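Reading through the structure tokens given below for one structure.
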Amino acid sequence: MATGPAAGAVPAGNLTANPSFESSAANWNSWQGSVSRVGPTAAPDGQFLARVTRSSGSSYTLNDAPATISSTVEGDEYTATATVRAGNPQSVGRPVTITLRERTPDGSTVRQTRSSAVTLGAGFRSLQVSARALSSGNTLDVRISQASAIGGDAFEADEVAVVPAGAIPQTPDPEPSDPDPAPDDGGENLTANPSFESGLTGWSSWQGSLSRLGPFDAPEGQYAARVTRSTGTSYSIHDTPATVGSLSGGDEYTARASVRAANAGTVGRRATLIIRERAPDGQVVDQTASEPLALTGDFQALQVSATAVGSGNTLDVRVSQGDASSGDAFDVDRFMLTAGGGGASPPPAPTPPPEPTPPPEPAAGASSPEQLPYDPQALFNRQVSGLALHPRSGAIAANIAQNARSLRVNASFDGEVPTVYVGRTSDPVYTVSVGGRTERVRVPSDARAGSGSDRPLVVLNPQHPDHGRHVELRVWRASIDHSSRTISGSSSGFFHYNNDGAILNPDGTRSISQAFAGNGTGSDLSYLAGLLRPSDITSGRLRHAVRIAIGCNDFTDFFVAPAAKTDQSATRCGGSSTPSSGKVDMGMRLRLPAGVNCDARLAPVLPGRNESTRETQFLRILCRGIQEYGLVVLDGTGTDGIILYMEDEATADWTQVAGQPLYGSYGYIVRDSTTPPDGMTRTALHGIPWGSLQVVR
């Protein structure tokens, strides 16, 4: 993916409506920004431009509305181009990209392909990206996005076009510069600037920032890189562009790096070295991670080897630290990527780790409230394995099994699910309206709302400036303005999330995910109740029910604890043919019977791979959790749908604990052999056996 040809005209065969804004700004809108029309002026095409001004968040966009391609044909390829410049002097140097996004008719993202970033300047620069449709009948839209955004940022765009591939010649990505030799017995090092002797060129960070250390007695030369966490539960340093621009299938590569903790707070955190293979369109084909290494104050070596799956793909390398929190940082030096065995033999590939032994149930107050929130007496924190069956269990379970047979089960981390942040005493104070009152809350300065049209947000304050300890803010359709330090939304609530049994709610009730100010979601609970988070998996054992959504057509008008109300009903959904005996009440809990052997469950192997270790471990931990703590129905979705709720990927690095997603979801892992085909091969041992569920009371 590269910058495109010089600006000058909308390419022939363009499919976008109003590509140069000559008549108006119709057919275009913005996410976290506003669109206005500028001109007449000396535009690249015609006399008018679109100016996009940031409203909130750390990124904002210009999008086609509706999608340019309303019904894709599998295999058809498209190229998107645009010309952009900074909208004011402040925005010069900001990164901007163009993206093609494919979505199913229900709005779920199948794939999005993003161009390399260019920096905004006073003059116009070109953007270009190409993508091939994965399936027929989807939509394909285009958007231009500026990142690293702050108040006052703006960019201008013209000639925003989507054409069938082949109409525009592709400009290949630049090849990496001549590699620096690194004295090692591992053969020629392919990485550019591996020891940061010439600055930070060729390296960037995901969810972190880079700085250069030195001169000092580094493992190689006199300099090293420091990687400091900015946001999320993991952050990384990676080569930009990918070190290997075009692979040959079957070739072997070995990566090495030296790492240490940059401060006392990071000692004991775990780092991994990862080799990642990507197709030319940016899709991850395979990634291989080293065994996690506990960081110390001294440099230690990481090493991993991988074999290329296909030809023509790229290969990049990164070091990632997990379980991250504010203040974490690590130092890295002497990156190496060598072809072949790399001289000195790497350690043999580790066998899949044994299934973790479930740790003992924690004593009250023993676990971190950020990881296992709410009172132990909350129903979603209590085991369901010994509870009696509901009288309608058979009918409800049969209907859910039928839904699984008719529609693919989803496990979502990027659709209508919340980001989760912890605001510490060092973070700035923001204002938000809760229950009609202007309230304060500490929020990390890089926080952003969750995904989808709901844009859910959760912010935890271990020490709140006004309401004491363990205060949670929940916002629906949230918008964060970091320049004015304000949060707005369609509804919001304050909760106490302590799990030590202490009575913190002003009305003397326990902390069971019901708001003490404002309100909760449609079930009256917070998003955090039952939300699946990476720490649930890394701990080796789920200790709470998992939040799910069922088709709105399959709800009664009633609710049961732990829900305290319901906003779902088949009537509201437009009617239903489901018998009343097969419908669920909001708050109902379901479980897998003890006879299901969760330790034998399997995740399917993705195309181009030969193992599914992380995916299978994720599935087995989830399966055991559903046996012990169950599923809890706390939301509605489209007709006959089944969705498991996972923390938004903006604050959760799911690839580290659950392996690779497919089409923007982990649904393929939890689907069983009865669900509709999705290209995966399954047996009776694959996924969650949806036909075995039971309803308890």
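Does segment 66-75 contain at least one residue that is at pLDDT 90 or above and under 24 Å from the mean Cα position of the chain (by Cα)?
Checked against the condition, which is being at pLDDT 90 or above and under 24 Å from the mean Cα position of the chain (by Cα), segment 66-75 yields at least one hit.
Take the conditions under 25 Å from residue 58 (Cβ atoms) and open to solvent by 50 Å² or more (accessible area, probe 1.4 Å) and apply them to residue 233. Does it pass? Walk me through how you get there before you give the answer.
Details: under 25 Å from residue 58 (Cβ atoms): yes; open to solvent by 50 Å² or more (accessible area, probe 1.4 Å): no.
So residue 233 does not fit the description; no.
Only strands (runs of 3 or more DSSP E) wholly contained in segment 17-115 count here; list those with 2 or more residues that are free of Cβ contacts under 8 Å to residues at least 60 places away in the same chain and open to solvent by 40 Å² or more (accessible area, probe 1.4 Å). Give the derivation first.
Working: elements: 33-38, 49-54, 60-64, 77-86, 95-103, 109-114.
The strands (runs of 3 or more DSSP E) meeting that bar are 33-38, 95-103.
Starting from segment 150-163, keep only residues that are over 23 Å from residue 66 (Cα atoms), then list their pairs with residues that are part of a strand (DSSP E or B) and open to solvent by 10 Å² or more (accessible area, probe 1.4 Å) whose Cβ atoms are within a distance under 7 Å, requiring at least 6 positions of separation or different chains.
Short answer, once both residue conditions are applied: 151/54; 153/54.
Hey, could you check segment 116-151 for residues that are under 20 Å from residue 20 (Cβ atoms) and of a type in the set (Ser, Thr, Tyr) and say which is surrounded by the fewest Cβ atoms within 10 Å (Cβ to Cβ)?
Out of the qualifying residues, it is 126.
Looking only at segment 463-477, how many residues end up being farther than 12 Å from residue 439 by Cα and open to solvent by 20 Å² or more (accessible area, probe 1.4 Å)?
The number of residues fulfilling the criteria is 6.
Among residues belonging to segment 529-550 that are charged (D, E, K, R) and open to solvent by less than 20 Å² (accessible area, probe 1.4 Å), point out the one that is modelled with the highest pLDDT.
Among those that are charged (D, E, K, R) and open to solvent by less than 20 Å² (accessible area, probe 1.4 Å), it is 547.
Quick test for you: out of 398, 404, pick the one residue that is of a type outside the set (Lys, Arg), open to solvent by 30 Å² or more (accessible area, probe 1.4 Å) and either part of a helix (DSSP H, G or I) or free of Cβ contacts under 8 Å to residues at least 60 places away in the same chain (or both). Show your work before the answer.
On the way: 404 fails: open to solvent by 30 Å² or more (accessible area, probe 1.4 Å).
Residue meeting the stated conditions: 398.
Return only the number of the condition from (1) in contact with a Leu (Cβ under 9 Å, 6 or more places away or on another chain); (2) at pLDDT below 90; (3) closer than 27 Å to residue 450 by Cβ that residue 105 does not satisfy.
Failed condition: (1).
If only one of 30, 56 is closer than 30 Å to residue 208 by Cα and modelled with pLDDT of 90 or more, which one is it?
Values: 56 fails: modelled with pLDDT of 90 or more.
Just a single option satisfies the conditions, and that option is 30.
Would you call residue 367 outside any strand (DSSP E or B) and either among the aliphatic types (A, V, I, L, M) or modelled with pLDDT of 80 or more (or both)? Outline the logic, then answer.
Details: outside any strand (DSSP E or B): yes; either among the aliphatic types (A, V, I, L, M) or modelled with pLDDT of 80 or more (or both): no.
No: the conditions fail for residue 367.
Scan segment 582-621 for residues that are among the hydrophobic types (A, V, I, L, M, F, W, C) and under 24 Å from residue 522 (Cβ atoms) and jot them down.
Listed by number, the residues that qualify are 584, 586, 588, 590.
Can you tell me which residues in segment 314-339 are open to solvent by 10 Å² or more (accessible area, probe 1.4 Å) and either modelled with pLDDT under 90 or hydroxyl-bearing (Ser, Thr, Tyr) (or both)?
314, 322, 323, 324, 325, 326, 327, 339
For segment 414-432, what are the residues that are surrounded by 24 or more Cβ atoms within 10 Å (Cβ to Cβ) and within 12 Å of the chain's Cα centre (by Cα)?
Once the filter is applied, which keeps residues that are surrounded by 24 or more Cβ atoms within 10 Å (Cβ to Cβ) and within 12 Å of the chain's Cα centre (by Cα), segment 414-432 yields 417, 418, 419, 420.
Tell me which residues, restricted to segment 154-197, are modelled with pLDDT of 85 or more, outside any strand (DSSP E or B) and either open to solvent by 20 Å² or more (accessible area, probe 1.4 Å) or not aromatic (Phe, Trp, Tyr) (or both). Don't jump to the end; show me each part of the working.
Residues of segment 154-197 modelled with pLDDT of 85 or more: 154-164, 189-197.
Within this subset, residues satisfying the condition of being outside any strand (DSSP E or B) are 189-197.
Passing the criteria: 189, 190, 191, 192, 193, 194, 195, 197.
Which of the strands (runs of 3 or more DSSP E) found entirely inside segment 447-503 contain at least 1 residues meeting this: on the phi > 0 side of the Ramachandran plot? Write out each step before concluding.
Working: elements: 457-464, 468-476, 479-481, 486-488, 491-496.
Those strands (runs of 3 or more DSSP E) span 468-476.
Could you check, for segment 677-691, whether at least one of its residues is surrounded by fewer than 24 Cβ atoms within 10 Å (Cβ to Cβ), under 30 Å from residue 307 (Cβ atoms) and without any contact (Cβ under 8 Å) to a residue 24 or more places away in the chain?
yes
Report the residue count in segment 487-528 for those that are touching a Lys or Arg at 6+ places or on another chain (Cβ under 9 Å), over 18 Å from residue 434 (Cβ atoms) and either at pLDDT 95 or above or crowded, with 19+ Cβ neighbours inside 10 Å (or both).
2
The values are calculated or read from the model by the stated rules, or taken from the named source; none is laboratory data. Remember, predicted model here, so these are calculated numbers, not experimental data. Ideal geometry is used to build each Cβ from the backbone, glycine not excepted, and the neighbour counts take in all protein chains shown. These area figures cover heavy atoms from the full protein model, side chains too; ligands, DNA and RNA do not enter into them. Shrake-Rupley method; radii C 1.70, N 1.55, O 1.52, S 1.80 Å.
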